[in-house]
Amino acid sequence: MADDLKRRLFVSTVECVLLYGSETWTLTVQDERALDGMYTRMLRRALNVSWEDRVRNIALYGNLPRLSDKIRQRRMQLAGHYVRHPELVASELILWEPVQGKRKPGRQRTTLIDTLKRDSGLDRLSSTAELRSLMKDREEWRRRVQHASHVGI
């Protein structure tokens with residue numbers, strides 16, 4: 001029971017500060033792994049569990065989802081909200097793609113659109129119009145958000 005109370009206190013104090021503004025982060029898979037590892041270390045410190053105690057992460061987390069799943073869910077919820085409300089300024093900016101210019105050679109930076117496509121399960125080759133129409137359908141988008149937060153695409 002004491003561990004459950006510590007987890008709840010950890011979530012209400014540390015996690016809310018850590019996740020501030022996370023809805024706008026464009027994370028690579030490597031970034032997500034680093035954040036999940038940092039979160040696990042912080043949770044171990046809060047619960048006073050050393051790595052030498054050989055406590056598995058499943059037992060450590062209890063019913064808490066991974067941090068990357070929480071970020072993914074928050075990002076998808078905010079993006080869907082903005083796309084469905086055209087009166088908001090960010091409605092057109094959330095899925096904006098430049099029409100002029102060339103991209104620099106080499107590996108491209110991860111954009112918010114690329115991240116949202118990965119989060120929703122669309123492949124990188126699908127168009128932004130497909131993503132927008134999927135976000136406009138509130139029920140289907142909610143199903144995608146729930147699937148992404150529980151499974152972790």
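Miscellaneous remarks
- Pairing each residue of the stretch 26-48 that is within 29 Å of THR111 (Cβ to Cβ) with any residue that is hydroxyl-bearing (Ser, Thr, Tyr) and surrounded by fewer than 16 Cβ atoms within 10 Å (Cβ to Cβ), provided the two are 6+ apart or on different chains, yields C-beta distances under 7 Å for THR26/THR110; THR26/THR111; THR28/THR110.
- Filtered residue count, the stretch 1-39, keeping only those that are within 17 Å of GLN77 (Cβ to Cβ) and not in a helix (DSSP H, G or I): 6
Per-residue answers, yes or no, for (1) on the phi > 0 side of the Ramachandran plot; (2) at pLDDT 90 or above:
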{"position": "ARG84", "(1), (2)": "no, yes"}
{"position": "TRP96", "(1), (2)": "no, no"}
{"position": "VAL99", "(1), (2)": "no, no"}
{"position": "GLY121", "(1), (2)": "yes, no"}
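- Only one entry in ALA79, ALA59 is among the aliphatic types (A, V, I, L, M), closer than 23 Å to VAL145 by Cα and either assigned to a helix (DSSP H, G or I) or touching an Asp or Glu at 6+ places or on another chain (Cβ under 8 Å) (or both), namely ALA79.
- Close pairs from the stretch 93-110: first over 15 Å from ARG124 (Cβ atoms), partner surrounded by 10 or more Cβ atoms within 10 Å (Cβ to Cβ) and among the hydroxyl-bearing types (Ser, Thr, Tyr), Cβ under 7 Å, at least 6 apart: ILE94/TYR82
- Of residues in the stretch 94-124 being outside any loop (DSSP other than H, G, I, E, B) and not acidic (Asp, Glu), the one nearest to GLU140 (Cα to Cα): SER120
The values are calculated or read from the model by the stated rules, or taken from the named source; none is laboratory data. Only a predicted model underlies this, so the values are computations on that prediction, with no experimental measurement involved. Cβ coordinates were reconstructed from backbone atoms using ideal geometry, including for glycine residues, and neighbour counts include every protein chain displayed.
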